[in-house]
Amino acid sequence: MLKTTILLSLCLFASGLIRGQKAKTQGEIEETKILTLVKKMTLEEKVGLLHANSKFYVSGVERLGIPELALSDGPHGVRAEINRHNWSYSGWTNDSSTCFPPGTALAASWNPALAFERGLVLGEEARFRKKDVLLGPGINIIRSPLCGRNFEYLSEDPFLISAMAVPYIQALQSKDVAASVKHYLANNQEDNRFKIDVSVSERALRELYLPGFKAAITRGGALTVMAAYNKFRGDWCSENDYLDRQILRNELGFNGVLMTDWDAAHSTVKAALAGLDLEMGTDKKDYNEWYFANPLIQAVKEGKVPLSVVNEKVSNILRVMMKIKMLGDKTREIGSMNTPDHQRAAYNSAAEAIVLLQNQNKVLPVDFAKLKSIAVIGDNATRKHTNGGLSSEIKTLYEVTPLEALTRKFGSSLKINFAQGYEKQSTFYEGNNKGQSDTKKVDWKLIDAAVDAARKSDIAVIFGGLNHDFDTESFDRQDMKLPYGQEILIQEVAKANPNTIVAIIAGSPLELSGIVNRVPSILWAWYGGMEAGNAVADVLSGKVNPSGKMPFTLPVSLEQSPDHALGNYPGHDLRVNYEEDILVGYRWFDTKKIAPQFPFGYGLSYTTFELSGLNTDKPLYHKDEIIHVKFMVRNTGTTFGAEVAQIYVSEPVCSVLRPFKELKGFEKVFLQPGESKTIELPVKISDLAYYDEVQKGWKIEPGDFLLHLGTSSGNVVQTVKIVVN
Ligand code: BGC
């Protein structure tokens, strides 16, 4: 009995209860451990944690059990191993990974569950490769149709970006791998990305460019953030006190690691004080000469950077290490690579992303059993894309092309007449930039062969669009046109065979006005990752009913899009002013009443849906309340399918300009034929606010708000009014 009492007292004492203290939380225990470690470290050891020791690694402190930190690209797969001290691949045989379709395709699925699934797979594969930080997701706003990295990003809309980025990050980090949301901030073009100075109004910053990062940090719990290359209002993003210290640290409460993009550091003292933690990729051979190496030690010794600032950075690094179980936690995820489940996830992601843009005369789905022959045309029918795009390129275990998939699935019962149709031109390099020699060249020999193939086939499918000579890091496209004479190819093939289907493989907007009236059916199939061919073949055959929706507006021509209409892309004298302000993407098209080729949120299905019964739980709300929006979705056709019901909100009368409408909710609803579901979506009144530049805060003006239920930004089926008082 006595023994038990003593034991109990000891336990209570240890837990602090007898001393009248509360038990320590996990967070407090972690902070104590961090403090203890920091106290034991020399200045040199601390600074060793704040810059890379090679391309993708950062030194640890062996004597204290702090391991090396391993980082890896990229957003849609774990990049193959790169040599420590140069950019060549290491040539490993065990680093072929699962490759998902890139960001725009993820967003096109409008399915957050797929983002979560992707995060889990990436986490497992990163751990298998012994990586600690995965450099993604890339969540910059798609501002210009020409940005070379649009394919890596998600959308033109911050609500959709946030809805996809948050589950991706949560899932990835649940596998003990830190996400790195990039590129913070306003890296919306590749042209001059190392030099451009971006001016954005405070309102556009708050309403468009920041929300994705805010959601990633506050809802997703992102452990690291990558600062962009460009300048923002005169200061480099990696040393921008407003962005890094005031917003990221003070407002958003971010206490993870802020790292540079590769070779984006510009100073020691300024960057250190602004809140940068980790310097990566600096183009100096001697790592000791980097800004956050010897110069930082010197700056501390000279009193220019307080030791407390260095301690803060070291703590941030250790905190991330602790959260991903790097500091001696035996329960850390071991990971796995290329399992059938991973490959299935890549397939699901590719299949659900495909958008059916038009389908006249129900040419799709194709009943392959009834066909005798099919013409498969286009360079993209046989081109593999996963190994392109620069930092997001993936050495994938396999990549199924459309021609391979069609041959495997239907080749035994029908004749496949393949024709290349157009040729990818050679690529050249100019300084850091990659370009194409002649993207407008029409090759009539190839077109004639394609026409011949189409003429002798029951149907023709053209796989066209872009490739990673265009959709790539480092430079933007010159125009929005289909390259290599594809428009003429498509027109000629369509003349030869009225049953011509076009599948666009691309990650950013293209001008389709020259083909929409020539062919009955168009699919937007994106870069589909390792399962690209299987996904598109299954959509063609109807095994999969397309359910993707465009995550960006497809303008009729480049001049329609705001930055080009206003002439403020790519800027002048290395400055770019985002003059379109809050009117990016569909916000511009809607407000200015410009009809695009295909609107944001658009996509058809092989079945039909009816949306009805839109209502709210009450008519009048206070500013701190939530609207419970209710409606019904019914599959009125004969095929299983999914509709993405979208809720947009507008405020018709307001003292400041408001976009005509803005996305504030959506749900992808899967339904059997005849089935219906009642959907309830919460919309916070606080999310209807605008950013008031005068009062420097969010503001809701009492009055009427309209809630629109639609299947795209161009198709609103019902509207209800609510009043906010
Ligand atoms: C890109 C980053 C990438 C890094 C490392 C940079 O050029 O902008 O997105 O993570 O390289 O490869």
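The values are calculated or read from the model by the stated rules, or taken from the named source; none is laboratory data. Source: prediction; values computed, not measured. Please note: Cβ atoms are built from the backbone with ideal geometry, for glycine as well, and neighbour counts cover all protein chains shown. What goes into the accessible areas is simple: the full protein's heavy atoms, side chains included, and nothing from ligands, DNA or RNA. Shrake-Rupley method; radii C 1.70, N 1.55, O 1.52, S 1.80 Å.
Computed quantities for the displayed model
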read-out	value
Per-residue ³J(HN,Hα) for the stretch 554-562, Karplus 6.51 cos²θ - 1.76 cosθ + 1.60, θ = phi - 60°, Hz, x for Gly and Pro	9, x, 5, 9, 4, 4, 6, 7, x
Selected from Ala449, Tyr527, Asn361, residue furthest toward positive end of dipole (the stretch 354-552; charges at beta carbon)	Asn361
Cα centroid of the stretch 239-303 to Cα centroid of the stretch 169-219, whole Å	17
Shape category assigned to the chain from the gyration tensor of Cα positions, a/c cut at 1.5	prolate
For the chain, accessible area per residue (1.4 Å probe, heavy atoms of protein chains only), Å²	38
Label-zone membership for the stretch 702-725, site Cys654, 7 angstrom Cα→C-beta point, backbone N under 12 Å	702-706
Relative packing of 476-483, 591-598, which averages over residues the other C-beta atoms within 10 Å, highest first	476-483, 591-598
Partner lysines for Lys33 [C-alpha distance under 20 Å; skip if fewer than 8 residues away on the same chain]	Lys22, Lys24, Lys46, Lys313, Lys323, Lys325, Lys330
Hydrodynamic radius of the stretch 354-552 per Kirkwood, over alpha carbon pairs, in Å	16.9
Solvent-accessible area of Asp469 with every protein chain in place, 1.4 Å probe, in Å² to the nearest 10	10
The chain - share of DSSP beta bridges that are antiparallel (%, nearest 5)	60
Protection-proxy order for peptides 550-559, 697-706, each taking the mean of Cβ atoms within 10 Å per residue, highest first	550-559, 697-706
Potential extension, Lys440-Leu252 segment - 0.36 nm per residue separation minus Cα distance	63.0 nm
Length gained when the stretch Gln672-Asp241 is fully extended (0.36 nm per residue, less Cα-Cα span)	149.8 nm
Residues Arg233 and Lys39, FRET efficiency given R0 of 35 Å [Cβ-Cβ distance, rounded to 0.05]	0.40
Relative contact order (percent, whole number), the stretch 178-250, Cα cutoff 8 Å, 6+ residue spacing	45
Burial order of peptide ranges 140-149, 707-716 (average beta-carbon count within 10 Å, highest first)	140-149, 707-716
Assigned charges on the beta-carbon of Lys, Arg, Asp, Glu; the chain dipole about Cα centre (debye)	1520
Efficiency of FRET between Lys495 and Asp341 - r from beta-carbon atoms, R0 41 angstrom, step 0.05	0.35
Projected-area mean, the stretch 163-212, by convex hull of Cα positions, square nanometres	4.4
Label-point separation, Val717 to Asp263 (7 Å along Cα→Cβ), nm	5.2
Protein accessible area in the stretch 354-552, 1.4 Å probe - carbon and sulfur %	47
Selection from Gly514, Leu371, Thr500, by position along the positive dipole direction of the stretch 354-552 (Cβ)	Leu371
Cα-based reach from Lys677 at 27 Å (exclusive), listing lysines while leaving out same-chain residues under 8 positions away	Lys362, Lys543, Lys549, Lys618, Lys630, Lys661, Lys664, Lys668, Lys721
